[in-house]
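S.K.: Handing you a structure now.
Coordinate-derived values only; no laboratory data. Note that the structure is predicted; figures quoted are calculated from it, not measured. Cβ placement follows ideal geometry from the backbone for every residue including glycine, while neighbour counts extend to all protein chains displayed.
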Amino acid sequence: MAEAATYKIVEIAGTSTESIAEAMKSGVKRAGQTLRGVDWVEVTGIRGHVENGEIEHFQVEMKVGFRLEEA
């Protein structure tokens, strides 16, 4: 039988001047530098900063799930 996993969920916000996808990638990459076992991400919000009628900055709010280690 497969072993069940238990996850901790944290909320983060990734940012990028390029795109929503890059904002997601930068947030997950940074989370992976301090959290071990990151397995999934769920987008909970998307925002953009507008200057002179153009989107200049993307911000993506995400829930990130990582596996808790066995004691």
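S.K.: Conditions: (1) surrounded by 15 or more Cβ atoms within 10 Å (Cβ to Cβ); (2) out of contact with any Phe, Trp or Tyr (no Cβ under 7 Å at 6 or more places or on another chain). Gly65 meets all but one. Number of the miss?
M.R.: (2)
S.K.: Could you tell me which of the residues Gly53, Gly32, Gly45, Gly27 is under 13 Å from the mean Cα position of the chain (by Cα) and loosely packed, with under 11 Cβ neighbours inside 10 Å?
M.R.: Gly45
S.K.: Taking region 18-71 as the region of interest, how many residues are among the hydrophobic types (A, V, I, L, M, F, W, C) and either part of a helix (DSSP H, G or I) or more than 21 Å from Ala5 (Cα to Cα) (or both)?
M.R.: 12
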